[in-house]
Amino acid sequence: MAALYRLEIVTPLGKKFDDMVDGCVFRTTEGDVGILAGHSPYVAAIEVGEIKVHTPDGKTRYAAAADGFAHVTGELVRILVSSCDWAEEIDPDKAREEREAARARVNEAKTPEERELAKHVFQKARIRRRVAKKADGYSKK
Amino acid sequence: MAGAGMRDVKRRIKSVESTMQITKAMQLVASSKLRRAKERVETARPYFTTLYNTICMMAAGNTDTTNVYTRSRVRNRVAYVVIAGDRGLAGGYNTNLFKFAAATMEKETAVVIPLGKRSVDYFAHRDYETRVLEGYSAVESMDLERCFELARLLTELFRSGEVDEVNLVYTEFVSMLSQVPTSRKILPLSFTREEVGLEEGKSFGNAEFDPSIGDVMAKIIPQFVGGMIFGAISESYASEQGARRTAMEAASDNAEEMISSLSLQYNRARQGAITQEITEISGGFEALR
């Protein structure tokens, strides 16, 4: 059995997760990064992407997260993101609608800044939709 | 004679009663709003404080001065985002904040960015350079999404060099009964160890930054500014409700006191009138004998 460490996911709307885990994977600006127990101190910015959490009971939970950073210290991994939703909290149909609405906004954008913003929203919606499909409570690996 | 005095007193009792009804209602509304606002503050606080502390620690250890957001500049024009309420009748909530803001901005070339209708109104008639952001005047309508939008506007102001520093002036919600006006610097992200109150030796030490400390900071600056605004607004909103509840409670208490003293006066007058009538009747009876 692998060593455990404590993972904390904090958002402006409260703590999303605070428990011992086997490992987790998140999307940084440099690509996906996985953290196991005993990782050296590490800081990275988090992009719009998926967070994968391996719980001690051998299951994997998925979450759609956006914009923030991860801070790894010896005994604690803290992920601060502006939003984070577990797969089972997202309604797949609604997520699809949101994605389509976001796609329309990208196409309608007039100025480059507007386009940039709309793209960001679309990216978030796309990840939400993708993560929602992995729900079904805890998915077996 | 006594009858006329009685009517006056009666009328005053009625008017105080209706005022009390209003203050009571406002107190109840503020109480329920306060409960929700307090919950929001409590859920947002872990994010707010960790965000601030981590960024401060990063900034204190940062040696990369090529990034426009982390390099400190000469403070020619300093922006103050003053977050007050949308409504009055909240005791000293708004005035305390404005007094504090005025004291903080003394001796500086301040650019005021008012948030909240009261704040907009207040600074419209003062000698400050103000910059009202259209669509952001109502504090109550500020959700997370809009805070991040506002953050983008502020960072743009800073980046373009229009202002050299951005501060938030808001009211910290300490408890139901105590709310304290505070000011916090959010841009640029350059803090000395003293400013942050960091103990010697406590920092990121040998932490590895991916790809580099400057890049990580540049990436999370919009999140940081947005998160800080959201936190400050949550705190201010809870403070406003707390201040209003306390003020309305005091007003209701005063009204009650006034009613009881007026009823005493009324009853005395009524008793006086009756006594006088009895004296008159018995006096008239005496005279007839």
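The values are calculated or read from the model by the stated rules, or taken from the named source; none is laboratory data. None of the values given here were measured: they were computed from a predicted structure. Note: ideal-geometry Cβ built from the backbone for every residue, glycine included; neighbour counts use all protein chains shown. Surface accessibility is based on the protein's heavy atoms, side chains included, excluding ligands, DNA and RNA. Shrake-Rupley method; radii C 1.70, N 1.55, O 1.52, S 1.80 Å.
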| query | Using the heavy atoms of the protein chains alone and a 1.4 angstrom probe, what is the accessible area of chain A per residue in square angstrom? | reply | 50
| Leaving out ligands, DNA and RNA but keeping every protein chain, what accessible area does B:Arg146 have, in Å² rounded to the nearest 10, with a 1.4 Å probe? | 70
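Using heavy-atom solvent-accessible surface (probe 1.4 Å) with all chains present, what is the largest-first order of A:Lys52, A:Lys110, A:Lys119? Present the calculation step by step, with values, prior to reporting the outcome.
Numbers: A:Lys52 60, A:Lys110 175, A:Lys119 95 Å².
So, going from the largest accessible area down, we get A:Lys110, A:Lys119, A:Lys52.
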| query | In angstroms, what radius of gyration and Dmax does region B:50-244 have, counting Cα atoms only? | reply | 16.9, 52
| note | Under the 7 Å Cα-to-Cβ spin-label approximation, A:His120 and B:Asp121 lie apart by a distance in nanometres of 3.4
| said: With a 1.4 Å probe and all protein chains left in place, how much of the accessible area of chain B comes from carbon and sulfur atoms, in whole percent? | reply: 52
| task | Could you list the square roots of 5 times each eigenvalue of the Cα gyration tensor of region B:47-133, that is, the equivalent ellipsoid semi-axes, sorted largest first and rounded to whole Å? | result | 30, 18, 11
| message | If you take the accessible area of A alone plus B alone and subtract the pair, what total do you get in square angstrom, rounded to 100, with a 1.4 Å probe? | response | 2100
| message | What does DSSP give for the protein assembly as shown in terms of the percent of beta bridges that are antiparallel, rounded to the nearest 5? | response | 70
| query | Which helices pass in chain B if a helix is a full DSSP H run, must span at least 20 angstrom along its long axis by Cα, and must have mean Kyte-Doolittle hydropathy not below 0.5? | reply | none
| Given a Förster radius of 56 Å and the C-beta distance between A:Ala3 and A:Glu100 as r, what FRET efficiency does 1/(1 + (r/R0)^6) yield to the nearest 0.05? | 0.80
| field | For a label point 7 Å along the Cα-to-beta-carbon line of B:Arg87, residues of region B:110-152 with backbone N under 19 Å | value | B:115-122, B:137-143
| task | Would you please give the FRET efficiency between A:Val25 and A:Thr111, computed as 1/(1 + (r/R0)^6) with r the Cβ-Cβ distance and R0 = 45 Å, to the nearest 0.05? | result | 0.80
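For region A:75-133, compute Rh as the Kirkwood radius over C-alpha pairs and then the Stokes-Einstein diffusion coefficient at 37 °C and 0.692 mPa s; write the answer in µm²/s, rounded to an integer.
The diffusion coefficient I find is 263 µm²/s.
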| According to the square roots a ≥ b ≥ c of the eigenvalues of the Cα gyration tensor, what is the shape class of region A:5-87, taking rounded for a/c under 1.5, prolate for a/b larger than b/c otherwise, and oblate for the remainder? | rounded
| Cut-off of 10 Å, at most 15 other beta carbons, DSSP loop: longest stretch of chain B lacking such GluC sites (Glu not before Pro) | B:1-105
| query | Given 0.36 nm per residue, what is the gain on full extension from B:Arg289 to B:Lys24 after removing their alpha carbon distance, in nm? | reply | 89.6 nm
| query | Once you put a point 7 Å from the Cα of B:Arg35 and another 7 Å from the Cα of B:Glu108, both along the Cβ direction, what distance in nm separates them? | reply | 3.9
| task | Quickly work out the B:Ile278-to-B:Arg184 label distance, labels modelled 7 Å from Cα along the C-beta direction, and quote it in nm with one decimal. | result | 7.0
